[in-house]
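Worksheet: one structure, shown below.
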Amino acid sequence: MTETEAYRFLLVDDDEDDFVLMRSYVQQMRYAHQLDWVGTYDEALKWMIQGGHDLYLVDYHLGAKNGVELLQAARERGCRGPVMILTGQDQTGFDGDALDAGAADYLEKAHITPNLLERAARYAIHQQQDHNTLEDLYKKVSRLEKLKTDMIRLAAHDLRTPLTTINGYVDMLKQDLQAQVDPPPIAYLDEIKGAVQDMQKLVRDILSLQRIEAISGGYTTPVDLKALVKMVFNQYKVKSSQRFMLTTPIAPVQVYGAEQELREVLDNLLSNAVKYTPPEGHIVVQLAVDAAYALFAVEDDGYGIPEDKQAQLFDPFYRAKTRETRKIDGTGLGLHLVKSIIERHNGHVHFKSTYGKGSTFGFMLPIMSEKND
Ligand code: ADP
(Lines give C-alpha, C1' and ligand atoms only; values in the text may rest on other atoms or scores of the structure.)
Protein backbone atom coordinates (compact mmCIF):
# COMPACT_ATOMS: atom_id res chain seq x y z
CA MET A 1 0.00 0.00 0.00
CA THR A 2 1.39 3.42 -0.92
CA GLU A 3 1.28 6.62 1.13
CA THR A 4 -1.57 8.05 -0.96
CA GLU A 5 -3.92 5.08 -0.97
CA ALA A 6 -7.21 5.34 0.90
CA TYR A 7 -7.86 2.81 3.64
CA ARG A 8 -10.97 1.01 4.65
CA PHE A 9 -11.39 0.99 8.44
CA LEU A 10 -13.86 -1.00 10.47
CA LEU A 11 -14.89 0.49 13.80
CA VAL A 12 -16.19 -2.01 16.36
CA ASP A 13 -18.02 -0.02 19.02
CA ASP A 14 -21.40 -0.43 20.67
CA ASP A 15 -21.85 3.34 21.15
CA GLU A 16 -23.18 5.22 18.12
CA ASP A 17 -21.88 8.55 19.44
CA ASP A 18 -18.37 7.16 19.28
CA PHE A 19 -18.93 6.16 15.67
CA VAL A 20 -20.12 9.69 14.79
CA LEU A 21 -17.06 11.18 16.45
CA MET A 22 -14.67 8.74 14.82
CA ARG A 23 -16.27 9.35 11.43
CA SER A 24 -15.62 13.07 11.80
CA TYR A 25 -11.93 12.31 12.56
CA VAL A 26 -11.68 10.11 9.53
CA GLN A 27 -13.27 12.80 7.35
CA GLN A 28 -10.65 15.26 8.54
CA MET A 29 -7.77 12.96 7.60
CA ARG A 30 -5.66 13.79 4.58
CA TYR A 31 -6.93 11.02 2.31
CA ALA A 32 -10.46 9.88 1.55
CA HIS A 33 -10.52 6.88 3.88
CA GLN A 34 -13.69 4.93 4.50
CA LEU A 35 -15.06 4.06 7.93
CA ASP A 36 -17.49 1.17 8.35
CA TRP A 37 -19.12 0.45 11.67
CA VAL A 38 -20.45 -2.56 13.53
CA GLY A 39 -21.84 -2.48 17.05
CA THR A 40 -21.75 -6.10 18.26
CA TYR A 41 -19.13 -8.69 19.03
CA ASP A 42 -20.65 -11.36 16.76
CA GLU A 43 -21.04 -9.07 13.79
CA ALA A 44 -17.50 -7.80 14.25
CA LEU A 45 -16.09 -11.31 14.41
CA LYS A 46 -17.77 -12.16 11.11
CA TRP A 47 -16.30 -9.12 9.38
CA MET A 48 -12.84 -9.61 10.83
CA ILE A 49 -12.69 -13.20 9.64
CA GLN A 50 -13.79 -12.13 6.18
CA GLY A 51 -10.86 -9.70 6.13
CA GLY A 52 -12.08 -6.95 3.82
CA HIS A 53 -10.69 -4.03 5.86
CA ASP A 54 -7.23 -2.53 6.12
CA LEU A 55 -7.52 -1.80 9.83
CA TYR A 56 -9.84 -2.73 12.70
CA LEU A 57 -10.48 -0.15 15.42
CA VAL A 58 -11.91 -2.15 18.29
CA ASP A 59 -13.42 -0.62 21.41
CA TYR A 60 -12.29 -2.37 24.57
CA HIS A 61 -15.86 -2.43 25.94
CA LEU A 62 -18.20 -4.60 23.89
CA GLY A 63 -21.09 -5.46 26.17
CA ALA A 64 -20.42 -8.74 27.96
CA LYS A 65 -17.14 -9.32 26.08
CA ASN A 66 -14.15 -7.08 25.53
CA GLY A 67 -12.02 -6.05 22.57
CA VAL A 68 -9.09 -8.29 23.51
CA GLU A 69 -11.37 -11.33 23.56
CA LEU A 70 -12.68 -10.35 20.14
CA LEU A 71 -9.15 -10.00 18.85
CA GLN A 72 -8.16 -13.42 20.23
CA ALA A 73 -11.21 -15.07 18.69
CA ALA A 74 -10.59 -13.40 15.34
CA ARG A 75 -6.89 -14.38 15.29
CA GLU A 76 -7.77 -17.98 16.15
CA ARG A 77 -10.06 -18.01 13.12
CA GLY A 78 -7.42 -16.70 10.74
CA CYS A 79 -7.86 -12.90 10.87
CA ARG A 80 -4.53 -11.36 9.83
CA GLY A 81 -5.49 -7.69 9.63
CA PRO A 82 -4.06 -5.04 11.97
CA VAL A 83 -6.14 -4.30 15.07
CA MET A 84 -6.01 -1.23 17.30
CA ILE A 85 -7.78 -1.34 20.64
CA LEU A 86 -9.56 1.86 21.73
CA THR A 87 -9.86 2.54 25.44
CA GLY A 88 -11.67 4.90 27.77
CA GLN A 89 -9.74 7.22 30.06
CA ASP A 90 -9.79 5.00 33.10
CA GLN A 91 -9.00 1.69 31.41
CA THR A 92 -5.48 0.54 32.06
CA GLY A 93 -3.69 -2.69 32.73
CA PHE A 94 -4.83 -4.69 29.72
CA ASP A 95 -2.21 -3.32 27.29
CA GLY A 96 0.07 -6.36 27.79
CA ASP A 97 -2.85 -8.71 27.05
CA ALA A 98 -3.80 -6.69 23.98
CA LEU A 99 -0.29 -6.79 22.56
CA ASP A 100 0.08 -10.49 23.40
CA ALA A 101 -3.15 -11.21 21.56
CA GLY A 102 -1.70 -9.49 18.50
CA ALA A 103 -2.95 -5.89 18.73
CA ALA A 104 -0.83 -3.45 16.78
CA ASP A 105 -1.45 -0.62 19.25
CA TYR A 106 -3.99 0.81 21.67
CA LEU A 107 -5.25 4.40 21.72
CA GLU A 108 -7.01 6.28 24.45
CA LYS A 109 -10.18 7.64 22.83
CA ALA A 110 -9.96 11.02 24.57
CA HIS A 111 -6.56 11.67 23.00
CA ILE A 112 -7.37 10.68 19.43
CA THR A 113 -6.94 13.41 16.82
CA PRO A 114 -7.24 12.98 13.03
CA ASN A 115 -3.49 13.32 12.73
CA LEU A 116 -2.69 10.82 15.44
CA LEU A 117 -5.18 8.35 13.99
CA GLU A 118 -3.73 8.69 10.51
CA ARG A 119 -0.19 8.13 11.71
CA ALA A 120 -1.05 5.25 14.01
CA ALA A 121 -3.15 3.59 11.29
CA ARG A 122 -0.45 3.84 8.68
CA TYR A 123 2.14 2.47 11.07
CA ALA A 124 -0.10 -0.40 12.20
CA ILE A 125 -0.94 -1.38 8.63
CA HIS A 126 2.69 -1.42 7.53
CA GLN A 127 3.77 -3.31 10.61
CA GLN A 128 1.11 -5.95 10.10
CA GLN A 129 2.09 -6.37 6.46
CA ASP A 130 5.71 -6.97 7.49
CA HIS A 131 4.56 -9.35 10.17
CA ASN A 132 2.40 -11.30 7.72
CA THR A 133 5.21 -11.51 5.16
CA LEU A 134 7.55 -12.88 7.83
CA GLU A 135 4.94 -15.31 9.07
CA ASP A 136 4.36 -16.62 5.54
CA LEU A 137 8.08 -17.02 5.02
CA TYR A 138 8.47 -18.80 8.32
CA LYS A 139 5.69 -21.24 7.44
CA LYS A 140 7.22 -21.88 4.05
CA VAL A 141 10.68 -22.48 5.52
CA SER A 142 9.25 -24.78 8.21
CA ARG A 143 7.41 -26.79 5.55
CA LEU A 144 10.57 -27.11 3.46
CA GLU A 145 12.65 -27.96 6.51
CA LYS A 146 10.26 -30.76 7.41
CA LEU A 147 10.28 -32.04 3.86
CA LYS A 148 14.08 -32.04 3.84
CA THR A 149 14.23 -33.82 7.20
CA ASP A 150 11.76 -36.47 6.06
CA MET A 151 13.66 -37.05 2.85
CA ILE A 152 17.01 -37.36 4.58
CA ARG A 153 15.54 -39.80 7.09
CA LEU A 154 13.94 -41.87 4.39
CA ALA A 155 17.09 -41.92 2.28
CA ALA A 156 19.26 -42.87 5.23
CA HIS A 157 16.87 -45.61 6.34
CA ASP A 158 16.58 -47.01 2.85
CA LEU A 159 20.34 -47.04 2.38
CA ARG A 160 20.99 -49.01 5.53
CA THR A 161 19.59 -52.33 4.34
CA PRO A 162 21.34 -52.58 0.94
CA LEU A 163 24.61 -51.54 2.54
CA THR A 164 24.37 -54.33 5.09
CA THR A 165 23.65 -56.75 2.25
CA ILE A 166 26.64 -55.61 0.18
CA ASN A 167 28.87 -55.82 3.22
CA GLY A 168 27.79 -59.40 3.95
CA TYR A 169 28.19 -60.58 0.37
CA VAL A 170 31.63 -58.99 0.05
CA ASP A 171 32.72 -61.02 3.11
CA MET A 172 31.35 -64.23 1.56
CA LEU A 173 32.93 -63.46 -1.80
CA LYS A 174 36.25 -62.84 -0.10
CA GLN A 175 36.14 -66.26 1.59
CA ASP A 176 35.17 -68.06 -1.65
CA LEU A 177 37.82 -66.31 -3.75
CA GLN A 178 40.55 -66.93 -1.23
CA ALA A 179 40.02 -70.64 -1.71
CA GLN A 180 39.53 -70.63 -5.49
CA VAL A 181 41.56 -67.87 -7.10
CA ASP A 182 45.31 -67.51 -6.96
CA PRO A 183 46.27 -64.84 -6.11
CA PRO A 184 42.92 -63.81 -4.57
CA PRO A 185 41.82 -60.23 -5.52
CA ILE A 186 41.58 -59.25 -1.87
CA ALA A 187 42.74 -55.65 -2.39
CA TYR A 188 39.72 -54.86 -4.59
CA LEU A 189 37.33 -56.41 -2.13
CA ASP A 190 38.91 -54.49 0.73
CA GLU A 191 38.41 -51.29 -1.26
CA ILE A 192 34.72 -52.13 -1.73
CA LYS A 193 34.40 -52.95 1.95
CA GLY A 194 36.08 -49.69 2.92
CA ALA A 195 33.69 -47.74 0.72
CA VAL A 196 30.68 -49.56 2.16
CA GLN A 197 31.88 -48.85 5.68
CA ASP A 198 32.23 -45.15 4.88
CA MET A 199 28.67 -45.12 3.61
CA GLN A 200 27.46 -46.96 6.68
CA LYS A 201 29.12 -44.37 8.90
CA LEU A 202 27.45 -41.59 6.90
CA VAL A 203 24.06 -43.24 7.29
CA ARG A 204 24.63 -43.74 11.03
CA ASP A 205 25.66 -40.11 11.48
CA ILE A 206 22.64 -38.83 9.58
CA LEU A 207 20.26 -41.00 11.57
CA SER A 208 21.92 -39.93 14.86
CA LEU A 209 21.47 -36.29 13.90
CA GLN A 210 17.83 -36.91 13.12
CA ARG A 211 17.35 -38.61 16.44
CA ILE A 212 19.10 -35.85 18.35
CA GLU A 213 17.14 -33.12 16.61
CA ALA A 214 13.94 -34.89 17.56
CA ILE A 215 14.77 -35.01 21.29
CA SER A 216 13.21 -32.12 23.14
CA GLY A 217 13.33 -32.84 26.87
CA GLY A 218 16.25 -32.93 29.27
CA TYR A 219 18.30 -35.97 30.24
CA THR A 220 17.66 -37.65 33.56
CA THR A 221 19.85 -40.77 33.48
CA PRO A 222 23.24 -40.59 35.26
CA VAL A 223 26.24 -41.57 33.13
CA ASP A 224 29.75 -42.20 34.43
CA LEU A 225 31.79 -40.19 31.97
CA LYS A 226 35.06 -41.49 33.38
CA ALA A 227 34.16 -45.12 32.67
CA LEU A 228 33.01 -44.17 29.18
CA VAL A 229 36.20 -42.22 28.43
CA LYS A 230 38.37 -45.10 29.60
CA MET A 231 36.48 -47.59 27.46
CA VAL A 232 36.64 -45.53 24.26
CA PHE A 233 40.26 -44.55 24.96
CA ASN A 234 41.28 -48.23 25.26
CA GLN A 235 39.52 -49.14 22.02
CA TYR A 236 41.48 -46.54 20.10
CA LYS A 237 44.74 -47.19 21.91
CA VAL A 238 44.64 -50.86 20.93
CA LYS A 239 43.92 -50.34 17.26
CA SER A 240 45.98 -47.21 16.49
CA SER A 241 49.70 -46.72 16.04
CA GLN A 242 50.07 -43.32 17.75
CA ARG A 243 51.32 -43.00 21.34
CA PHE A 244 48.36 -42.59 23.71
CA MET A 245 48.15 -41.02 27.15
CA LEU A 246 45.17 -40.70 29.48
CA THR A 247 44.58 -38.72 32.66
CA THR A 248 41.32 -38.89 34.64
CA PRO A 249 40.21 -37.99 38.17
CA ILE A 250 40.26 -40.78 40.73
CA ALA A 251 36.51 -40.70 41.44
CA PRO A 252 33.75 -41.36 38.87
CA VAL A 253 32.51 -38.32 36.93
CA GLN A 254 28.74 -38.38 36.87
CA VAL A 255 26.74 -36.37 34.35
CA TYR A 256 23.12 -36.57 33.25
CA GLY A 257 22.90 -37.83 29.71
CA ALA A 258 22.41 -40.50 27.10
CA GLU A 259 25.30 -42.93 27.26
CA GLN A 260 25.13 -43.88 23.60
CA GLU A 261 25.24 -40.27 22.46
CA LEU A 262 28.14 -39.35 24.74
CA ARG A 263 29.95 -42.38 23.43
CA GLU A 264 29.41 -41.10 19.90
CA VAL A 265 30.97 -37.79 20.96
CA LEU A 266 34.08 -39.47 22.40
CA ASP A 267 34.26 -41.80 19.44
CA ASN A 268 34.20 -38.96 16.94
CA LEU A 269 36.78 -36.86 18.80
CA LEU A 270 39.18 -39.77 19.23
CA SER A 271 38.75 -41.03 15.69
CA ASN A 272 39.48 -37.54 14.39
CA ALA A 273 42.63 -37.30 16.50
CA VAL A 274 43.77 -40.66 15.09
CA LYS A 275 42.83 -39.82 11.50
CA TYR A 276 44.46 -36.41 11.46
CA THR A 277 47.69 -37.35 13.25
CA PRO A 278 50.57 -39.18 11.54
CA PRO A 279 51.23 -42.75 12.79
CA GLU A 280 54.18 -41.71 14.94
CA GLY A 281 52.27 -38.85 16.63
CA HIS A 282 50.92 -38.44 20.17
CA ILE A 283 47.38 -38.31 21.47
CA VAL A 284 46.69 -37.07 24.98
CA VAL A 285 43.22 -37.54 26.45
CA GLN A 286 42.23 -35.68 29.58
CA LEU A 287 39.18 -35.77 31.79
CA ALA A 288 39.01 -33.43 34.76
CA VAL A 289 36.36 -31.78 36.92
CA ASP A 290 35.90 -28.35 38.42
CA ALA A 291 33.15 -27.22 40.78
CA ALA A 292 30.37 -27.47 38.20
CA TYR A 293 31.70 -29.11 35.04
CA ALA A 294 33.34 -32.20 33.64
CA LEU A 295 36.13 -31.06 31.35
CA PHE A 296 37.17 -33.31 28.50
CA ALA A 297 39.86 -32.74 25.87
CA VAL A 298 41.76 -34.70 23.22
CA GLU A 299 45.07 -33.16 22.22
CA ASP A 300 47.06 -34.33 19.23
CA ASP A 301 50.29 -33.25 17.58
CA GLY A 302 48.92 -33.99 14.12
CA TYR A 303 48.35 -31.99 10.96
CA GLY A 304 46.38 -29.15 12.56
CA ILE A 305 43.89 -26.93 10.74
CA PRO A 306 44.72 -23.69 8.90
CA GLU A 307 43.18 -20.67 10.61
CA ASP A 308 41.06 -19.66 7.63
CA LYS A 309 39.34 -23.07 7.68
CA GLN A 310 38.51 -23.14 11.37
CA ALA A 311 35.30 -21.07 11.45
CA GLN A 312 33.16 -23.69 9.68
CA LEU A 313 34.47 -26.82 11.38
CA PHE A 314 31.19 -27.58 13.15
CA ASP A 315 29.02 -27.01 10.09
CA PRO A 316 27.43 -30.18 8.68
CA PHE A 317 29.40 -31.75 5.81
CA TYR A 318 32.29 -29.30 6.16
CA ARG A 319 35.76 -30.80 5.75
CA ALA A 320 38.88 -28.65 6.19
CA LYS A 321 40.99 -30.17 3.44
CA THR A 322 44.73 -29.52 3.29
CA ARG A 323 47.62 -31.05 1.40
CA GLU A 324 48.12 -33.56 4.24
CA THR A 325 44.46 -34.45 4.89
CA ARG A 326 42.99 -34.33 1.38
CA LYS A 327 43.02 -38.10 0.94
CA ILE A 328 41.66 -38.98 4.38
CA ASP A 329 38.11 -40.36 4.32
CA GLY A 330 35.31 -38.68 6.23
CA THR A 331 31.80 -37.33 6.07
CA GLY A 332 32.16 -33.88 7.63
CA LEU A 333 29.34 -34.75 10.01
CA GLY A 334 31.33 -35.87 13.06
CA LEU A 335 32.02 -32.50 14.65
CA HIS A 336 28.54 -31.25 13.90
CA LEU A 337 27.18 -34.28 15.68
CA VAL A 338 29.55 -33.70 18.62
CA LYS A 339 28.37 -30.11 18.99
CA SER A 340 24.67 -31.02 18.71
CA ILE A 341 24.97 -33.73 21.33
CA ILE A 342 27.00 -31.67 23.77
CA GLU A 343 24.69 -28.67 23.48
CA ARG A 344 21.68 -30.94 24.01
CA HIS A 345 23.38 -31.96 27.23
CA ASN A 346 23.71 -28.27 28.22
CA GLY A 347 27.44 -28.28 27.58
CA HIS A 348 29.85 -26.41 25.31
CA VAL A 349 32.46 -27.55 22.82
CA HIS A 350 35.82 -25.89 22.31
CA PHE A 351 38.90 -26.36 20.17
CA LYS A 352 42.17 -24.84 19.25
CA SER A 353 44.39 -25.80 16.39
CA THR A 354 47.63 -24.69 14.81
CA TYR A 355 48.33 -25.78 11.28
CA GLY A 356 51.37 -28.07 11.24
CA LYS A 357 51.46 -28.43 15.03
CA GLY A 358 48.26 -30.13 16.18
CA SER A 359 44.79 -29.67 17.60
CA THR A 360 42.84 -29.91 20.82
CA PHE A 361 39.11 -30.61 20.74
CA GLY A 362 37.08 -30.79 23.92
CA PHE A 363 33.89 -30.06 25.75
CA MET A 364 32.54 -29.19 29.16
CA LEU A 365 29.40 -30.80 30.58
CA PRO A 366 27.59 -29.92 33.81
CA ILE A 367 28.28 -32.56 36.47
CA MET A 368 25.57 -33.93 38.72
CA SER A 369 25.91 -31.81 41.83
CA GLU A 370 25.10 -33.36 45.20
CA LYS A 371 22.21 -31.01 45.85
CA ASN A 372 20.62 -31.88 42.51
CA ASP A 373 20.82 -35.63 42.99
P1 ADP B 1 35.30 -35.81 9.04
O2 ADP B 1 34.39 -36.93 8.79
O3 ADP B 1 35.72 -35.11 7.79
O4 ADP B 1 36.44 -36.18 9.91
P5 ADP B 1 34.38 -34.02 11.15
O6 ADP B 1 33.12 -33.24 11.20
O7 ADP B 1 34.66 -34.97 12.26
O8 ADP B 1 34.38 -34.73 9.75
O9 ADP B 1 35.57 -32.98 11.08
C10 ADP B 1 35.48 -31.89 10.17
C11 ADP B 1 36.84 -31.50 9.71
O12 ADP B 1 37.59 -30.97 10.80
C13 ADP B 1 37.66 -32.66 9.19
O14 ADP B 1 37.38 -32.91 7.84
C15 ADP B 1 39.08 -32.16 9.41
O16 ADP B 1 39.45 -31.35 8.34
C17 ADP B 1 38.96 -31.29 10.64
N18 ADP B 1 39.40 -31.98 11.88
C19 ADP B 1 38.62 -32.52 12.83
N20 ADP B 1 39.36 -33.01 13.84
C21 ADP B 1 40.64 -32.75 13.52
C22 ADP B 1 41.89 -32.99 14.18
N23 ADP B 1 41.98 -33.61 15.38
N24 ADP B 1 43.01 -32.56 13.55
C25 ADP B 1 42.95 -31.93 12.36
N26 ADP B 1 41.81 -31.69 11.70
C27 ADP B 1 40.66 -32.08 12.28
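The values are calculated or read from the model by the stated rules, or taken from the named source; none is laboratory data. On a predicted model such as this, the values are computed, not experimentally measured, just so you know. Positions of Cβ are backbone-derived with ideal geometry, glycine not excepted, and every protein chain shown enters the neighbour counts.
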Inset, instruction - Could you list, in sequence order, all residues of region 234-262 that are assigned to a helix (DSSP H, G or I) and more than 15 Å from the ligand (Cβ to nearest atom)? - result: ASN234, GLN235, LYS237, VAL238, LYS239, GLU259, GLN260, GLU261, LEU262
Inset, instruction - Report yes if some residue within region 87-97 is modelled with pLDDT of 90 or more and assigned to a loop (DSSP other than H, G, I, E, B); otherwise report no. - result: no
Inset, instruction - Output the number of the condition that SER340 fails; it satisfies all remaining conditions of (1) near the ligand (Cβ under 9 Å from one of its atoms); (2) within 16 Å of ASP267 (Cα to Cα); (3) outside any strand (DSSP E or B). - result: (1)
Inset, instruction - From (1) within 10 Å of the ligand (Cβ to nearest atom); (2) in a loop (DSSP other than H, G, I, E, B), pick out the condition that doesn't hold for ASN346. - result: (1)
Inset, instruction - Go through the residues of region 108-124 one by one and say whether even a single one is within 33 Å of the chain's Cα centre (by Cα), of a type in the set (S, T, N, Q) and assigned to a helix (DSSP H, G or I). - result: no
Inset, instruction - Tell me, please, whether a residue that is assigned to a loop (DSSP other than H, G, I, E, B), surrounded by 16 or more Cβ atoms within 10 Å (Cβ to Cβ) and either in contact with a strand residue (DSSP E or B) (Cβ under 7 Å, 6 or more places away or on another chain) or at pLDDT below 95 (or both) can be found in region 210-229. - result: yes
Inset, instruction - Taking ARG30 as meeting all but one of (1) assigned to a helix (DSSP H, G or I); (2) touching a helix residue (DSSP H, G or I) at 6+ places or on another chain (Cβ under 9 Å), write down the number of the exception. - result: (1)
Inset, instruction - Name the one entry in GLY67, GLY39, GLY63 that is modelled with pLDDT under 90, out of contact with any Gly (no Cβ under 8 Å at 6 or more places or on another chain) and either under 20 Å from GLU108 (Cα atoms) or crowded, with 18+ Cβ neighbours inside 10 Å (or both). - result: GLY63
Inset, instruction - Check off (1) under 30 Å from TYR303 (Cα atoms); (2) crowded, with 16+ Cβ neighbours inside 10 Å; (3) more than 33 Å from the chain's Cα centre (by Cα) for VAL232 and give me the number that stays unchecked. - result: (3)
Inset, instruction - Just need a number here: residues in region 2-27 that are at pLDDT below 90 and over 20 Å from GLY81 (Cβ atoms). - result: 1
Legend entry - Options LEU295, LEU269: the member that is in contact with a strand residue (DSSP E or B) (Cβ under 8 Å, 6 or more places away or on another chain), surrounded by 21 or more Cβ atoms within 10 Å (Cβ to Cβ), at pLDDT 95 or above and not charged (D, E, K, R): LEU269
Legend entry - Count of residues meeting criterion [under 22 Å from the mean Cα position of the chain (by Cα) and within 7 Å of the ligand (Cβ to nearest atom)] in region 287-337: 9
Inset, instruction - Residue by residue through region 38-49, note down the ones that are under 35 Å from the mean Cα position of the chain (by Cα) and not hydrophobic (A, V, I, L, M, F, W, C). - result: none
Legend entry - Residues of region 350-370 classified as surrounded by fewer than 21 Cβ atoms within 10 Å (Cβ to Cβ) and either of a type outside the set (Gly, Ala, Ser) or within 10 Å of the ligand (Cβ to nearest atom) (or both), total: 12
Inset, instruction - Determine if region 109-121 includes at least one residue that is closer than 13 Å to TYR25 by Cβ and basic (Lys, Arg). - result: yes
Legend entry - Subset of region 10-20 (residues that are surrounded by fewer than 20 Cβ atoms within 10 Å (Cβ to Cβ) and touching a residue at least 24 places away in the same chain (Cβ under 8 Å)): ASP14, ASP15, ASP18
Legend entry - Criterion (touching a Leu at 6+ places or on another chain (Cβ under 7 Å), surrounded by 14 or more Cβ atoms within 10 Å (Cβ to Cβ) and within 13 Å of VAL265 (Cβ to Cβ)) met by exactly one of LEU313, LEU335: LEU335
Legend entry - Residue satisfying condition, being surrounded by 10 or more Cβ atoms within 10 Å (Cβ to Cβ), in contact (Cβ under 8 Å) with a residue 24 or more places away in the chain and assigned to a helix (DSSP H, G or I), within set ARG80, ARG75: ARG75
